[in-house]
Amino acid sequence: MVIRISSKHVIYSFSPLNKPVAYAKPKDIIVFETIDALGGQAKSEETPIDVIDWSRVNPATGPLFVETAEPGDTLVVDILDIKTDDKAVILVAPGYGVLHDKQFSPRIKLLYYEKDFVKFNSLDIEPKPMIGVIGVAPEEGEVATGSLGVHGGNMDIALLGRGSRLYLPVFTRGALLAIGDLHLVQGDGELCVSAAEVSGEVTVRVDIVKNKKPKYPILELNDKYAILTHGKTLDEAVYRASEAAVEALMKAHSLVFEEAYMLASLVVDLRINQVVDPFKGARAEIPKKYISIEDLFSQ
Ligand code: CA
């Protein structure tokens, strides 16, 4: 049986106090219907940016209670499919994005998905549907769905698409998974502050690894693992990703720090996730040849 969660059930912050709207067992398949990051408020290119209600941005659908998930476990989320609407929206606004200090006007642009491409004026962009917001309840307090941390959240990772697998540390009973903020396409960095923001639905399979968890969320692709970190600055995010990568290589190959540090410099790729959210996001990509998922569990 497939469990379906309507986009009527949205949260604006991740919290252990959120009431579950659906229940699943390990290995169940769940469809999350999601609304775009602007809460569907930008209906045309003429929508004035100042009428957007910012309390309704970054809705995440859920939360889902996953049975048997306890603090100290890992929630495994397989992204089986992402379907999107054929109309997406991107915006720029002074004060936002990497070039926030430039003189420019707020602008909304609609992007249509036609004949296998995202149309940007006369240009055809290859779609790479991905999930912007995916996370579990943090250990305590509440974290806005527009922010990010070790619980996941608004990580905005271009690689987090169909066929990928995400490992999230569990901090509360049931994990309380929520998903939202699909992008039809986004480059690393998301430099103008938004991507091709789109509504749609995500099909996932959940599973639990008992009694061990990674220090940070881990993304698994065909050929590599990526350690997903955040920081007040990109330097801080990159430091955390590097440290976790070196620790994992020490564990994988019984190396002393000095040797693992050298090996990391040869085989680990540091990449930018995004630089425009409340915390910057980076990742350390490690080819599977050099590491197993077990090496990335910190307990
Ligand atoms: Ca986002």
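The values are calculated or read from the model by the stated rules, or taken from the named source; none is laboratory data. This structure is a prediction, so every number in the text was calculated from the model and none was measured. All Cβ positions, even for glycine, are placed from backbone atoms using ideal geometry, and neighbour counts span all protein chains on display.
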Subset of segment 266-299 [part of a helix (DSSP H, G or I) and under 21 Å from T74 (Cα atoms)]: K288, I293, E294, D295, L296
Test: residue in segment 102-125 that is part of a loop (DSSP other than H, G, I, E, B) and under 23 Å from T233 (Cα atoms): yes
Failed criterion for M262 (all others in (1) surrounded by fewer than 16 Cβ atoms within 10 Å (Cβ to Cβ); (2) among the hydrophobic types (A, V, I, L, M, F, W, C); (3) under 30 Å from A24 (Cα atoms) hold): (3)
Test for E201: is it of a type in the set (D, E, K, R), in the same structural domain as Y113 (by TED's automatic domain parsing) and surrounded by fewer than 24 Cβ atoms within 10 Å (Cβ to Cβ): yes
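Residue-wise test of (1) under 15 Å from L64 (Cβ atoms); (2) among the β-branched types (V, I, T); (3) under 11 Å from the mean Cα position of the chain (by Cα); (4) modelled with pLDDT of 95 or more.
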{"site": "I134", "(1), (2), (3), (4)": "yes, yes, yes, yes"}
{"site": "D156", "(1), (2), (3), (4)": "no, no, yes, yes"}
{"site": "L159", "(1), (2), (3), (4)": "no, no, yes, yes"}
{"site": "G189", "(1), (2), (3), (4)": "no, no, no, yes"}
{"site": "A196", "(1), (2), (3), (4)": "no, no, no, yes"}
{"site": "G200", "(1), (2), (3), (4)": "no, no, no, yes"}
Residues that are surrounded by fewer than 17 Cβ atoms within 10 Å (Cβ to Cβ), under 20 Å from the mean Cα position of the chain (by Cα) and at pLDDT 95 or above, drawn from segment 21-60: I29
Which listed residue is under 25 Å from S6 (Cβ atoms) and out of contact with any helix residue (DSSP H, G or I) (no Cβ under 7 Å at 6 or more places or on another chain), from P71, P59, P94: P59
Of the criteria (1) within 16 Å of the ligand (Cβ to nearest atom); (2) assigned to a loop (DSSP other than H, G, I, E, B), which one N211 fails: (1)
Within segment 276-299, tally of residues that are crowded, with 20+ Cβ neighbours inside 10 Å and either aliphatic (A, V, I, L, M) or in the same structural domain as I131 (by TED's automatic domain parsing) (or both): 5
Residue count for segment 139-167, restricted to those that are on the phi > 0 side of the Ramachandran plot and either within 11 Å of the ligand (Cβ to nearest atom) or not assigned by TED's automatic domain parsing to the domain that holds P16 (or both): 2
Which listed residue, of V89, V136, V170, is under 29 Å from I30 (Cβ atoms) and within 16 Å of the ligand (Cβ to nearest atom): V89
Sole residue being free of Cβ contacts under 8 Å to residues at least 40 places away in the same chain and not hydrophobic (A, V, I, L, M, F, W, C), chosen from G187, G132: G187
For L91: the one exception among (1) in a loop (DSSP other than H, G, I, E, B); (2) in contact (Cβ under 8 Å) with a residue 40 or more places away in the chain: (1)
